[in-house]
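Trainee: Below you will find the structure I want to go over with you.
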4 protein chains.
Amino acid sequence: MIRFLTAGESHGKALTTIVDGFPSNLKISESYINQQLKRRQFGYGRGLRMRIETDKAEILSGVRFGKTLGSPISMLIRNADWENWQTLMSVDSINKKTQKISIPRPGHADLVGVSKYNFNDIRNSIERSSARETAARVAAGTIARKLLEEFGITIGSYVESIGGIYPENNFAEKLFNNSIPLNFSAQSISDKSDKSSVRVLESEQEEKIIRKIKSAKKNGDTLGGTFLTVATGVPVGLGSFINYDTKLDADIAHSIMSINAVKAVEIGEGFLLAEKFGSESHDEIVMKKDFIQKN
Amino acid sequence: MIRFLTAGESHGKALTTIVDGFPSNLKISESYINQQLKRRQFGYGRGLRMRIETDKAEILSGVRFGKTLGSPISMLIRNADWENWQTLMSVDSINKKTQKISIPRPGHADLVGVSKYNFNDIRNSIERSSARETAARVAAGTIARKLLEEFGITIGSYVESIGGIYPENNFAEKLFNNSIPLNFSAQSISDKSDKSSVRVLESEQEEKIIRKIKSAKKNGDTLGGTFLTVATGVPVGLGSFINYDTKLDADIAHSIMSINAVKAVEIGEGFLLAEKFGSESHDEIVMKKDFIQKN
Amino acid sequence: MIRFLTAGESHGKALTTIVDGFPSNLKISESYINQQLKRRQFGYGRGLRMRIETDKAEILSGVRFGKTLGSPISMLIRNADWENWQTLMSVDSINKKTQKISIPRPGHADLVGVSKYNFNDIRNSIERSSARETAARVAAGTIARKLLEEFGITIGSYVESIGGIYPENNFAEKLFNNSIPLNFSAQSISDKSDKSSVRVLESEQEEKIIRKIKSAKKNGDTLGGTFLTVATGVPVGLGSFINYDTKLDADIAHSIMSINAVKAVEIGEGFLLAEKFGSESHDEIVMKKDFIQKN
Amino acid sequence: MIRFLTAGESHGKALTTIVDGFPSNLKISESYINQQLKRRQFGYGRGLRMRIETDKAEILSGVRFGKTLGSPISMLIRNADWENWQTLMSVDSINKKTQKISIPRPGHADLVGVSKYNFNDIRNSIERSSARETAARVAAGTIARKLLEEFGITIGSYVESIGGIYPENNFAEKLFNNSIPLNFSAQSISDKSDKSSVRVLESEQEEKIIRKIKSAKKNGDTLGGTFLTVATGVPVGLGSFINYDTKLDADIAHSIMSINAVKAVEIGEGFLLAEKFGSESHDEIVMKKDFIQKN
C-alpha cells in the first residue's frame, strides 16, 4: 500500500512530503519531478508567487544511484523567497510585534480556520490552506506517475473552459463516443495542452480566454473553469465493488475534490447522463474478433 | 473514530453490517432503523424486488435496553425471499447444475467483475455489485444519523430532476442565495419529498416525471436523475485543510460517488461556479450585530 | 488488504464478524470453520459456558457453492443459550427491573469499562470485554488460515506451561537450535497438542497440571500459563523494516497481546536473549550447496 | 487522529518525519526536541556514529512563533557526516564504481532485505533497516510527549539489566506491589537513569555492567539487556476492549516491538504472572474514602 503525507506552510521554510510503500528498483530523478513541478507553475495569469519560485524538489531519501530503495521517499521543496519571510514565519517565538491578518476572505478557509484552530491571526490558517500545498502533492504524485508508467498507464489533462469559454471541437464528446483511436495515449493530450498558456487545445479559444482574464483582472475579479483528466492503459478491474471505500470512482472523486477550489467532479459524461435515457448512457459491449490475439 | 463494513449478496441469506466505535448511551431502536430502510424502498417505479422485501434490520449486538453500549453494533437484514434462492445462492457446494449468467449488461460491473475475480458465472459478481448493498449502508448510516441528531444536525434530500424534468421553483438556487430562513431544518425537506412517490417537491413535476417513466418503461428504457442533499446545524470547522484526506468536500464526494450509478457530485453550485466571476461565487462575510448573543 | 471487524456481546443474540478483502475462488466451508471453533472450546477445566455452547459459524455471505466470491465474508455465531438471556440482554428497552452487576472484579475491564463508557451496570461493560469475543476472531482467523494454507503455510501451537509446570523436553529450545527437521510442519505440533486436554505435549506434564488445576479450583483460585505458536512455510520477506508499522514482529506482538489475559509476548528466544552474548544470539548464515536447486 | 511517517537512510542526506493531526497552540521548540535526541545518543559504549553526530532537529513546518499551527509538523535531522557519504549514497546515478556490501550479517535484515527488495548491494537494505531510523521516531515521539505533558502524563524509563546484571533493588517489584508513593512521577525515573552512562539506577550495577561491556568488546562480542518504561498521570480508560485493534496493551506491544532488536515485551509483571495464582496476580480494588475529593 502506497501512502503519503505532505507538510509545509505557503511561506514557510519548505514543503515536504514522504511517500511510503513505493516499490524498489524504479528509476526516479529530481529532474523528472521538477518537470512536473514546472508544469504546475507555468501559464498565463499565474500570480506573482508563481513567478518568484521555480519549485525544485530535493530528494532526501528513498532513492540511491537513481533508483528507488523501497524505503520512504522524502522530498523537500524549499521556499525560494524564505529570506523575506523568516521573521514573519519564524518557527521560534520572536520579540518583535508582527502584523496580523484580521480580515477573512470569502470563499477561503480563513474564518473557519481561525475558528477551528483558535488563532487570532488569519495567517496561521491560510499558510496551510493555501493551494501552494499542491506543490508537495505534485511531487508525491509524480512518484506515483512513475509507477503507472511502468505499466504503460499515462494520465493527461487539459483545460476545457475558463470563464464559460469552451472549445469548438468537443474532445470530451469524442472520447465518450469512442471515436478516439484505440492507440490514443493520454500523454498526448497533456503534450498538446502544455503548449497553451492556459492549457486549452484550441488557439482561438486561448485568445478569447486571455481577453476575458485580462478584462476580469481589470475589474479586480477572477474566473472559474473546468478541466478534463483522462488515463489510458488502465487495466480492467482497478478498484472494486466490494465495499464503499474500494470503489475507483469514489477514490477519484475524493482526490479531485481535495484540490483547492474544486467544487464538482464528473466521471465520464457525469451530469449529462442524468438527462439521458439508459439506452443512450450505457456503452454497448461488443465482442471483437481476434481481440485477444491482437492485444 | 467510527468505521463500518457491510457484507451480503443481493439474493444471499442476509445483508449484515458492523458499525464500530460508536459512543455509548445513545438511544437506538430497530424501528428507528427500519423507518429509514422503508424510506429507501418506497416510491414509484421501484422494481419487483423492492415490493417483495420490506427490509427489517435486526440488531444483534451493541445495544442493550434500547441504548448503545459503545461496543460494535451489528445488524442483520434478512432476505425475505431467501427460500426461493437457497439452492441458487447456496453457501455449500451443491450437486445440481445451476443456470449461469453469461451475458454481461453494459453500464454494470458484470464483465469487469468476472474478469477481476475470475468467475465463469456473472451472478458471482452481480450479487455484490448490486445496489442492494446500500440497504446495509442505510442501516449503518442511520446509526450515524442518530449521533448527528444529538448535536442538532439533520440531513435532508429531495430529487431535483428525473429524465431532465426540473421543478419550477429552484430550491437549490434559493439555498445558495441564502434566501432560506435561518431556522430552516434539512429534515423538513425530506419530510416534504417523502410524500412524493418520486421524492420531488412539486406535484406538477411529479406528474410529468411519472408520465416520462411510464413511457420509458414501455420502450424498455430507463431514466437518469439528480438529487440534492443538505445538512443543517453543522458546526463550523468539520473537516480540515490540513491534509488531502481530511477535507470535508473530498469525503462527501467520496461517499456520494460510492453509491451505485452516481457519476457526478457537486458541492454548492458546483459546475455553475466554473462560468461565474469570483465576485459572484464567493459568499460575502457579514458581521452580524448581536449574533453571538442570539446564538 | 484483508481487514475484519467483530461484534457481539458474550450473552447477546450472536457474535458476528465481517472479513473484507479476501480473494475469490478459495474453498471455504462452515465445517472447516467449526473445526477451529471446536478446538477453541475443548479441554480440561473449561467453564460451564464452554460446555453449554458448541459454537457453530453460519456463513451469511461471501461464499457460494463452497468457494469465496471476493466479497465480504460475514459469519454468525449464535448464542446457544440466548433463550435464557433474552430479557437480561434485550436489545429493546424493557419495563422490568433487572439485576445489575455492581462489584467490579480485579484483573478485568469491569471498573474501567463502566468509567469510560458511563454505565451503572457492570454487565454493560463485561459483555464485550469477555474473552468470548475471541470466538468471532477464531472464525475470522480461520478464513485467513485458509489463505495461508494455499501457500503451504501452517500455524501450530501448544501449551508450554500451566502454573509453572514445564515439559521435560524443551521443544522450544530445539526449535531455536535448529535441531528440528527441515520438513517439520507447524500443523504437526497442533495435531499432537490437540490430543491433550490441556494442550501440552507430554502426558506426565499433563497429569501434573491437571492435579494443580484441581487443587487451585478447590481453593477458588486460578492458574496462569504460557503457550508457543510457530508457523512453517513462511516465505522470506513478510513484513518490512520500511516503517514502524510494517514490521512483522510488531504486528505479531500486537495480535498476541490483543488476546484477553495475555500480558507478555516473545519472538524467538525473547527475554533469554537479554542475558546472552550477541555471538550466542544470532543465527549464523550458512550457504547450502544445491539449496536453490532442491527448493 | 495523530499519525506520522518517517523517512531517511542511515547515511543519507537527512532523516525526516511528518507528524500529522497534532493540535494547535501547543508550545514546541527545536531545543525541546533536541534534548530528547541527545538523550537517545548519550551513554557508555555508544558507537562511533553516535559520537560523530549530535543530532539536531530542524522544524520545517507546523510551528510558528513557538506554537503549533495544527498543520503537519515536519522535521529534518541532517546527517552531520553527509560530506563523506555523498558519493556512496548519491541520489543521482553516478559513473564511478562503488564498493558493494555482499556479506549479510546474522541477526539483521541484510539478507532478507536484498531478497525482498531485489538488490545486489546489501547497503541498499541496511541503510533503512538501521536503528538510526529511531532518531526520526524520537523527534516524532517528542511531539507526542508534548501533548501528554499538557495532561500531566509523563513517561520515564531505565535500563533494568545488561548482560544479565540486574540491580539489587527491584524497582519494578515495588512498582507492581504498589509500594511506590502515589505522587511518583515517571519523569523522576528518567531523571535518575539519565545520570548513569548505561541508564541504570544503581552505581554498583553500573560498574559491573561497564566491566562486562569492556570484556565483551575485547572478544568482539555484544550484550543484550532489558529496560522498563512507566507512565504516570494516565487517565482511566485509554484504549478499549471494543475491538482487537483498540486495546492499549496491544498498541504498546506493537510500538515497543517495532524498535530494532527488541524481541520481547511484557505488560506489568508479564511472564511472571504465568507462574502465579490468580489470587496473587490481580490488583485488589479498594474503595478509598474521600478519594474523589482529594483528586
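Trainee: Among A:I103, A:I33, A:I285, which one moves the most in a GNM of chain A with springs linking Cα atoms closer than 10 Å?
Mentor: Greatest mean-square fluctuation among the candidates belongs to A:I285.
Trainee: Return the average number of partner chain Cβ atoms within 10 angstrom of each residue Cβ along peptide D:157-168.
Mentor: Other-chain Cβ atoms within 10 Å of each residue's Cβ, averaged: 1.
Trainee: Please identify every one of the chymotrypsin sites (Phe, Trp or Tyr not before Pro) in the stretch C:105-203 that sits in a loop by DSSP and has no more than 11 other beta carbons within 10 Å of its own beta carbon.
Mentor: C:F151
Trainee: Contour minus end-to-end for C:S215 and C:R3, with contour as 0.36 nm per residue of separation and end-to-end as the Cα-Cα distance?
Mentor: Roughly 72.1 nm would be gained on extension.
Trainee: Hey, another quick one. Using a label point 7 angstrom from Cα along Cα-to-C-beta, what distances in nm, from shortest up, separate B:D251 from the other copies?
Mentor: 1.9, 2.0, 2.8
Trainee: Let me spell out the model: positive unit charges on the Cβ of Lys and Arg, negative unit charges on the Cβ of Asp and Glu, origin at the Cα centre of the stretch B:172-295. What dipole size does that give, in debye rounded to 20?
Mentor: 520
Trainee: Which of D:L147, D:L15, D:L223 moves most in a GNM of chain D, Cα contacts under 10 Å?
Mentor: For chain D, modelled as a Gaussian network with Cα springs under 10 Å, the answer is D:L223.
Trainee: Setting aside same-chain residues fewer than 8 positions from B:K288, which lysines have a Cα under 20 Å from its Cα?
Mentor: B:K288 reaches A:K116.
Trainee: Then there is this: Based on Cβ point charges of +1 for Lys and Arg and -1 for Asp and Glu, what charge dipole magnitude is obtained for the stretch C:1-150 about its Cα centre, in debye rounded to the nearest 20?
Mentor: The calculation lands at about 260 debye.
Trainee: Pick out, in residue order, every one of the GluC sites (Glu not before Pro) in the stretch C:1-100 that is DSSP loop and has at most 12 other C-beta atoms within 10 Å; say none if there are none.
Mentor: Qualifying residues, ordered by number: none.
Trainee: In peptide B:124-136, what is the residue-averaged number of other protein chain Cβ atoms found within 10 Å of each Cβ?
Mentor: Per-residue shielding by partner chains comes out at 4.
Trainee: Could I ask something else about it? Among D:V200, D:V112, A:V286, which comes first, second and so on when ranked by fewest other beta-carbon atoms within 10 Å?
Mentor: By the 10 Å Cβ count, ascending, the order reads A:V286, D:V112, D:V200.
Trainee: Also: Taking the beta-carbon count within 10 Å as an exposure proxy, list C:I162, B:I155 from fewest neighbours to most.
Mentor: B:I155, C:I162
Trainee: In addition: Any chance you could list P(r) for the stretch C:116-244, counting all Cα-Cα pairs in 10 angstrom bins from zero, rounded to whole %?
Mentor: Values per bin, smallest distances first: 10, 28, 31, 22, 9, 1.
Trainee: Return the single residue from C:K192, C:K174, C:K38 with maximal mean-square fluctuation; model: Gaussian network over chain C, springs between Cα atoms under 10 Å.
Mentor: Comparing C:K192, C:K174, C:K38 in the GNM, the peak value goes to C:K174.
Trainee: Between D:V236 and D:D191, what is the FRET efficiency for a Förster distance of 22 Å, r being their Cβ-Cβ separation, to the nearest 0.05? Could you put the intermediate results ahead of the total?
Mentor: Values: r = 26 Å, r/R0 = 1.18.
Computed FRET efficiency for D:V236 and D:D191: 0.25.
Trainee: So what's the Cα pair-distance distribution over the stretch A:199-295, bin width 5 Å, in %?
Mentor: 2, 8, 11, 14, 17, 16, 12, 8, 6, 3, 1, 1, 0
Trainee: Moving on. Could you list C:I242, B:I28, B:I210 in order of exposure, starting from the residue whose Cβ has the fewest other Cβ atoms within 10 Å?
Mentor: Least crowded to most crowded, the residues run B:I210, B:I28, C:I242.
Trainee: Just grab the label-to-label distance for C:S279 and A:D121, each label 7 Å out from Cα along the Cβ direction, in nm (one decimal).
Mentor: So the two model labels end up 6.1 nm from each other.
Trainee: Hey, what do the phi angles of the stretch C:113-125 turn into as Karplus ³J(HN,Hα) couplings, whole Hz, using 6.51/-1.76/1.60 and θ = phi - 60°, x for Gly and Pro?
Mentor: x, 5, 5, 5, 9, 6, 10, 10, 10, 4, 4, 4, 8
Trainee: In Å, the Kirkwood hydrodynamic radius of the stretch A:1-46 over pairs of distinct alpha carbons? Don't skip to the answer; put the middle values down first.
Mentor: Working: mean 1/r = 0.0764 Å⁻¹.
That comes to 13.1 Å for the stretch A:1-46.
Trainee: Another question, if that's okay. Divide, for chain A, the radius of gyration over alpha carbons by 2.2 N^0.38 Å, where N is the residue count.
Mentor: 1.14
Trainee: Still on this structure, I have one more. Cross-link candidates for B:K27: which aspartates and glutamates have Cα within less than 19 Å, leaving aside residues fewer than 8 places away along the same chain?
Mentor: B:E58, B:E149, B:E150, C:E9, C:D92, C:D121, C:E127
Trainee: Turning to a different aspect of this structure: If one takes the longest principal axis of the Cα atoms in chain C, at what angle in degrees, from 0 to 90 and to the nearest 10, does the Cα axis of helix C:133-150 lie?
Mentor: 30
Trainee: While we're here: Just to be sure I understand: chains C and A are related by a rotation, so which residue of C has its Cβ closest to that axis, and how close in Å?
Mentor: Minimum Cβ distance to the axis, with residue: C:M1, 3.
Trainee: Same structure, new question: Enter the mean number of other protein chain beta carbons within 10 Å of the beta carbon of each residue in D:226-232, as an integer.
Mentor: Working: counts 4, 1, 0, 0, 0, 0, 0.
Partner Cβ neighbours, averaged per residue: 1.
Trainee: Here is a further query. State, as an integer percentage, the relative contact order of chain B based on alpha-carbon contacts under 8 Å between residues 6 or more apart.
Mentor: 17
Trainee: Still on this structure, I have one more. Can you list the copy-to-copy distances for C:D191, using a point 7 angstrom from Cα toward Cβ, in nanometres, shortest first?
Mentor: 6.1, 6.2, 6.9
Trainee: Further question on the same structure: Restricting to DSSP loop positions (anything but H, G, I, E, B) with no more than 10 other Cβ atoms inside 10 Å of their own Cβ, which GluC sites (Glu not before Pro) remain in the stretch A:94-171?
Mentor: Details: sites: A:E127, A:E133, A:E149, A:E150, A:E160, A:E168; in loops: A:E168.
Taking the stretch A:94-171 and a limit of 10 other Cβ atoms within 10 Å, the loop GluC sites (Glu not before Pro) found are A:E168.
Trainee: Placing a label point 7 Å from Cα toward Cβ, how far apart in nm is D:T87 from its equivalents in the other copies, listed shortest first to one decimal?
Mentor: 4.5, 7.9, 8.7
Trainee: Using every pair of alpha-carbon atoms in the protein assembly as shown, split the distances into 20 Å bins beginning at 0 and state the percent of pairs per bin, rounded to integers.
Mentor: Percent of pairs per bin, in order: 9, 36, 40, 14, 1.
Trainee: Quickly estimate the mean residue ellipticity at 222 nm for chain A, helices only: each DSSP H run with n ≥ 4 gives -39500 (n - 2.57), and the total goes over all residues, rounded to 500.
Mentor: Working: 11 runs with 98 residues, N = 295.
Dividing the helical sum by the residues of chain A leaves -9500 deg cm²/dmol.
Trainee: Using only the alpha carbons, work out the radius of gyration and Dmax of the stretch A:1-138 in angstrom.
Mentor: Calculated on Cα positions, Rg and Dmax stand at 17.0, 51 Å.
A short reminder: the numbers here are calculations on the coordinates, not readings from a lab. Being a predicted model, the structure only gives us computed values, none of them experimental. Because the Cβ atoms are built from the backbone with ideal geometry, glycine has one as well, and the counts that use them run over all protein chains shown.
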